[in-house]
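Read-outs: derived from the displayed coordinates by stated rules, not from any lab. On a predicted model such as this, the values are computed, not experimentally measured, just so you know. Using ideal geometry, Cβ is built from the backbone for each residue, glycine included, and neighbour counts are taken over all protein chains shown.
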Amino acid sequence: MATLADLDELALALPETTKEVSDDGRPAFKVHGKLFCCQRGRRPDALDAATGERLDDVLMFRVADLDVKELLLADERGIFFTTPHFDGYAAVLVRIPQLARLERDELADLVAEAWLTRAQKRVAKAWLAEHTVG
């Protein structure tokens, strides 16, 4: 069972990762100044199906490409989703309560893969030489 604390720990363990926190407490993780994961603010494109209210518990993870995005969206557990805002963009969304449906190892792979999309090539190559992802 994965948590937001796991997300923090996993993301910050990756080389050159920094965490920024918005005024309202939403985290954003960057590598070398490039965003790879964040908690989105309330947006008109992400609504609660039951209430119609804008969601404030949505995490965005970059993915390697649109094929990976489609693979994650096809996961039968329904953990990953997207919105029209992300059409054609290599990223998936996850509601924070859904993290509990991921194993920590799955979250670790998701975070590492997101990080790899934005890390400098030399940094990513060095990290990959020491780690196995997925």
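For the reader, a short list of remarks on this structure follows.
- Taking the C-alpha atoms only, the angle from helix 121-130 to the longest principal axis of the chain is near 80 degrees.
- Taking the average, over residues, of other Cβ atoms within 10 Å as the packing measure, peptides 106-115, 88-97 rank 106-115, 88-97 from highest down.
- Neighbour net charge for residue 1 - beta-carbon separation under 12 angstrom, K R +1, D E -1: -2
- Between 120, 58, 71, the Cα set farthest toward the positive side of the dipole of the chain (charges on each charged residue's Cβ, about the Cα centre) is that of 120.
- Between the helical axis of 104-118 and the longest alpha-carbon principal axis of the chain there is an angle of about 70 degrees.
- Max mean-square fluctuation residue, GNM over the chain, Cα-Cα springs under 10 Å, options 87, 45, 23: 23
- Computed extension length for residue 85-residue 121: 10.2 nm, one decimal, from 0.36 nm per residue of separation with the Cα-Cα distance subtracted.
- Given charges at beta-carbon only (K, R positive; D, E negative), |dipole| of segment 4-125 in Debye: 520
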